[in-house]
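The values are calculated or read from the model by the stated rules, or taken from the named source; none is laboratory data. Everything numeric here is computed off the predicted structure, so don't read it as measured data. Here Cβ is always computed from backbone atoms with ideal geometry, including for glycine, and neighbour counts include all displayed protein chains. Please note that ligands, DNA and RNA were not included when accessible areas were found on the heavy atoms of the full protein model with its side chains. Shrake-Rupley method; radii C 1.70, N 1.55, O 1.52, S 1.80 Å.
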Amino acid sequence: MIRPEFKKSLESQQTILLLLWTFFVSGIFIYLWITEFVLRRSGFLASSAAETVRMILWLLAFIDLGTFIWWRNRFLAKEAILGGTKKYKTLQVLQEHTTPLEERAAQVVSSYVTSKIVAYAIVEAMAVYGLVLAAIGGYVRDQYLFSIASLLLLVIEFPSRSYLATLLKEVEARG
């Protein structure tokens, strides 16, 4: 059995994830704000290579989308997290485990948190591509498309408290 105080430390990681998730979502709105209130006022930087960069960034966005789907299926599926598909270093705040069960729970939570952060970064990259497109060629419509896609994927990856609780219950059940 996991000690109540250690379980509280494990569950507090959901709050950390929620805070990080909020920063990533806020970033999208900041990028849009930059375009609307900074770039539009100062004028867009029209570049002769803008169309080439646009094609490259669209390609990178599709690659990122594929990477996100692969990452999600490979490292964020419940069985992948519980099975230890990807071994991460246990988060420092969770290293106060006293039993093998607590150590296993700490590893599972560390895997979940780290995999989520990587997924957030992959998704956020698409919004950054949109900002770059708006800055280099005034492709504001592209920025909105990338921003909406990023926002939708971040909503899908919302760090649910119930999912973390399910993972911890599974760890305890498997002993």
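What to note about this one:
- The slack in the chain from MET1 to THR52, taken as 0.36 nm per residue of separation less the alpha-carbon distance, amounts to 12.6 nm.
- Sulfur and carbon atoms: percent of accessible area, the stretch 82-175 [1.4 Å]: 61
- The stretch 46-133: trypsin sites (Lys or Arg not before Pro) in DSSP coil with no more than 16 other Cβ atoms inside 10 Å: LYS86, LYS87, LYS89
- Alpha carbon centroid spacing (whole Å) that separates the stretch 9-67 from the stretch 108-175: 12
- Taking θ as phi - 60° and the Karplus parameters 6.51, -1.76 and 1.60, the scalar couplings of the stretch 68-80 work out to 4, 4, 4, 4, 4, 5, 7, 10, 10, 5, 3, 5, 5 Hz in sequence order, x denoting glycine and proline.
- Among (i) 13.6; (ii) 12.0; (iii) 10.7, the entry derived from the coordinates for mean projected area of the Cα convex hull in nm²: (iii)
- Value of [θ]222 nm, deg cm²/dmol, for the chain, DSSP H segments ≥ 4, -39500 (n - 2.57) each, nearest 500: -26000 deg cm²/dmol
- Mean separation of Cα contacts under 8 Å (6+ apart) over length of the stretch 103-175, as relative contact order %: 36
- The residues of the stretch 101-175 expose on average 38 square angstrom of accessible surface per residue, using a 1.4 Å probe on protein heavy atoms.
- In sequence order, calculated HN-Hα J values of the stretch 14-21 (Karplus, 6.51, -1.76, 1.60; Hz; x Gly/Pro): 5, 5, 4, 4, 4, 5, 4, 4
- Normalised convex hull volume, the stretch 91-175, alpha-carbon set, Å³ per residue: 84
- Excluding ligands, DNA and RNA, the accessible surface per residue across the stretch 6-59 is 63 Å² with a 1.4 Å probe.
- Where the alpha-carbon atoms of the stretch 35-138 are placed on the principal axes, they occupy 61, 26, 16 Å, in descending order.
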